[in-house]
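Report on one structure; see the data block that follows.
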Amino acid sequence: MKNIRNFCIIAHIDHGKSTLADRMLEMTNAISEREMQSQALDDMDLERERGITIKAHAIQIQHEHEGETYIFNLIDTPGHVDFSYEVSRSIAACEGALLLVDATQGVQAQTISNLYLAIEHDLEIIPVLNKIDMPSAMVEEVSEEVIDLLGCDPDDILTASGKTGEGVDKIFEAIINRIPAPEGDPEAPLQAMIFDSVFDKYRGVIAYFRIFNGKIRKNDMVQFFSNKKNLQANEIGVLKMIQQPEKELSAGAVGYVITGTKDSSDIKVGDTLTLQENPTPTPVKGFEEVKPMVFAGIFPIDNDDFEDLRDALEKLQLNDASLIFAPETSAALGFGFRCGFLGMLHLEIIQERLEREFDQNVITTVPNVGYFAYNKKGEEIIVNNPSELPDPTVLDRVEEPYIQAQIITSPDYIGPIMGLCMEKRGMIKNQVYLTTNRVELTFELPLAEIVFDFYDKLKTISRGYASFDYTPIDYRASDLVKLDIKLNSEAVDAFSSLIHRDKAAAFGRRLCKRLKEILPRQQFQIAIQAAIGAKIVARETISALRKDVTAKCYGGDISRKRKLLEKQKAGKKRMREVGNVQVPQKAFLDVLKLG
Ligand code: GTP
């Protein structure tokens, strides 16, 4: 055990975690040159295409140092704020963290928030200034920032380039000398924490764990602490570039177990794994349950695919414990699921993974944050869907979630950023100069105002020189209304949203305009209206098509006419009928982009 080091790499997005992990794999021969491709650990196509890490990835590498062999279990974590849940799980499995800071960018918002997560879990922090091969690297200034942040010694800070490999050997040394070896008693009852899992079509559920105490052997009967379910460990092993089976793993190890179960409800990320024979009386202190921030309906395009979609969501949940879902029905879309996400990027990724990995064709409804409503009797009602908002006659008040936002920027942009935050109903709480040319602003803002387009707007007004992070604080009463969209007087529930009264009319006008562009013309006129209760706040009209599409065939050419009709029919399949109006699938997606 004394030669094991469990650590993760944490950083702000794009500061170079995956690239550094690549170099570490290469320099320890964990991966051959032939296998080497950049972002080697990012195995999802989506991750490669977008150049971002979505999932944490664990890998074991061996490193020789002064005649001894060390086992490093390295976990690469995502940087984007929507995936910080992945970071907190990785941290719970480690004793140390490399805190990477891009030397051309300096300390950014997620550098700080991920660092705090690591400190909360008592990890040994090794600060590393990365990208020092770049001419614009500001080693001295950024070192000062890191010293301010950590209160560390200047000598504690390493410098490296994940691109050229410079300084990586010093990182290896620091991992050995500064990160403690895992502690734990191999003779105690097995106590392992499941920090991730994945569904494999052939092998069933694969759970990744970190052992804190005890041992696990192949063919042991393992027990899951939360549901007391017993299953046989058909295979256990360690995570190299491929899974490598082992006979026994002991305290301190990071590994995987396959029980053959295909039932995704058996295994829960965060749960404690023990043995049936001599179970541990206490679970491992896991990590906090994640709280979804954004909710949206996900519906199959074809109602017959409802059960398939449920199955896909269950499997996806194994690999993404932050996804939650419950069945719901919509008048416009039929049977589907109300899903909870950590943010808009998370929603987008889930939708894409459902389509790519599970062949599901889905419609996503307008997202909203979760609210608490109180009726006049003082009862609390959870509102994750606009349709759940009580009728105004019985409604006492609605409370919406607030967050504290940290924005780090150059003093030049303080004015525009303050303006943006005010426009988003925010309040400034604090302003601290980190150095003469970098300032940290703290705001309190309603979550609903930041989940959709805040980050894009912030990037535009600061020309990219602002980083942003947020944490939920509380719920506050707010003047929210339900905005409905009606097509020929019939409300389409999938388009409904909850919105602040001051912003409702403008949002309604934008929605109506957008729908006018998206909806195809039909044989009759279509009135698109936005309404708050009975009050219409916006209206657009789509005029009727003048002619039947087949009219120009003069009745002569029957086969051509039939073809046209068939084509029309096929087109309709991708439509949803709302009252008498055909709404293409694209419309449901496009209105999402309005924000
Ligand atoms: P996320 O996982 O999405 O948070 O990003 P990341 O932190 O893993 O960053 P990644 O390794 O994907 O690197 C981001 C960009 O910086 C890529 O274009 C890399 O090629 C580049 N990069 C990373 N490390 C270095 C470095 O040491 N020097 C230089 N010049 N570029 C680097």
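The values are calculated or read from the model by the stated rules, or taken from the named source; none is laboratory data. Keep in mind that this is a model prediction, so the values were computed, not measured. Glycine also receives a Cβ, built like all others from the backbone with ideal geometry; neighbour counts cover every protein chain displayed.
In the set S197, S161, only one residue is modelled with pLDDT of 95 or more, under 29 Å from the mean Cα position of the chain (by Cα) and either crowded, with 21+ Cβ neighbours inside 10 Å or away from the ligand (no atom under 16 Å from the Cβ) (or both); that residue is S161.
Per this entry, I176 is counted among residues that are away from the ligand (no atom under 16 Å from the Cβ) and touching a Phe, Trp or Tyr at 6+ places or on another chain (Cβ under 7 Å).
Residues in region 447-461 that are among the acidic types (D, E) and within 17 Å of P472 (Cβ to Cβ): E449 only. The residue of region 81-113 that is modelled with the lowest pLDDT, among those that are near the ligand (Cβ under 10 Å from one of its atoms) and touching a Gly at 6+ places or on another chain (Cβ under 8 Å), is Q110. All of I147, I179 fail the test of being of a type in the set (A, V, I, L, M, F, W, C), at pLDDT 90 or above and surrounded by fewer than 19 Cβ atoms within 10 Å (Cβ to Cβ), apart from I147. Would you check if there is a residue in region 11-23 being more than 9 Å from the ligand (Cβ to nearest atom), modelled with pLDDT of 60 or more and at negative phi? No, the conditions are met nowhere in region 11-23. If you go through region 145-201 and keep only what is outside any strand (DSSP E or B) and of a type in the set (G, A, S), you end up with G151, A160, S161, G162, G165, G167, A174, A181, G184, A188.
Check region 55-72 and report whether any residue there is more than 8 Å from the ligand (Cβ to nearest atom), within 28 Å of I349 (Cα to Cα) and at pLDDT below 65. Looking for residues that are more than 8 Å from the ligand (Cβ to nearest atom), within 28 Å of I349 (Cα to Cα) and at pLDDT below 65, one finds at least one in region 55-72, hence yes. Within the set I414, I408, I350, the sole residue that is touching a strand residue (DSSP E or B) at 6+ places or on another chain (Cβ under 7 Å), at pLDDT 90 or above and on the phi < 0 side of the Ramachandran plot turns out to be I414.
Looking only at region 288-303, decide whether some residue is more than 16 Å from the chain's Cα centre (by Cα) and in a helix (DSSP H, G or I). Yes, there is a match, as at least one residue in region 288-303 is more than 16 Å from the chain's Cα centre (by Cα) and in a helix (DSSP H, G or I).
Within region 403-412, one or more residues are within 23 Å of C339 (Cα to Cα) and surrounded by 13 or more Cβ atoms within 10 Å (Cβ to Cβ). Note on region 173-205: residues that are under 28 Å from M27 (Cβ atoms) and aliphatic (A, V, I, L, M) amount to 6.
The single condition among (1) more than 21 Å from D502 (Cα to Cα); (2) in contact with a Phe, Trp or Tyr (Cβ under 7 Å, 6 or more places away or on another chain); (3) of a type in the set (K, R) that R397 does not satisfy is (1). Within region 134-144, can one find any residue that is under 18 Å from A174 (Cβ atoms), part of a loop (DSSP other than H, G, I, E, B) and within 13 Å of the ligand (Cβ to nearest atom)? Looking through region 134-144, none of the residues is under 18 Å from A174 (Cβ atoms), part of a loop (DSSP other than H, G, I, E, B) and within 13 Å of the ligand (Cβ to nearest atom). Within region 200-248, the set of residues being surrounded by fewer than 20 Cβ atoms within 10 Å (Cβ to Cβ) and of a type in the set (K, R) comprises K201, R203, K215, R217, K218, K228, K229, K240, K247.
Residues in region 145-158 that are of a type in the set (A, V, I, L, M) and either away from the ligand (no atom under 13 Å from the Cβ) or outside the structural domain of A118 (by the TED database) (or both): V146, I147, L149, L150, I157. Selection of region 360-401 for residues being free of Cβ contacts under 8 Å to residues at least 40 places away in the same chain and either in a strand (DSSP E or B) or within 22 Å of R510 (Cβ to Cβ) (or both) yields A373, Y374, N375, E380, I381, I382, L395, D396.
Yes or no, residue by residue, for (1) at pLDDT 85 or above; (2) exposed (fewer than 15 other Cβ atoms within 10 Å of the Cβ); (3) within 31 Å of the chain's Cα centre (by Cα); (4) in a loop (DSSP other than H, G, I, E, B):
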| residue | (1), (2), (3), (4) |
| --- | --- |
| A494 | no, no, yes, no |
| L498 | yes, no, yes, no |
| C512 | yes, no, yes, no |
| R562 | no, yes, no, no |
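Taking (1) among the hydrophobic types (A, V, I, L, M, F, W, C); (2) surrounded by fewer than 20 Cβ atoms within 10 Å (Cβ to Cβ); (3) within 30 Å of G106 (Cβ to Cβ) in turn, A527 satisfies each apart from (3). Please verify whether region 344-355 includes one or more residues that are outside any helix (DSSP H, G or I) and under 24 Å from L511 (Cα atoms). No: region 344-355 contains no residue that is outside any helix (DSSP H, G or I) and under 24 Å from L511 (Cα atoms). Return yes or no: is D305 modelled with pLDDT under 85, crowded, with 16+ Cβ neighbours inside 10 Å and among the charged types (D, E, K, R)? In short, no.
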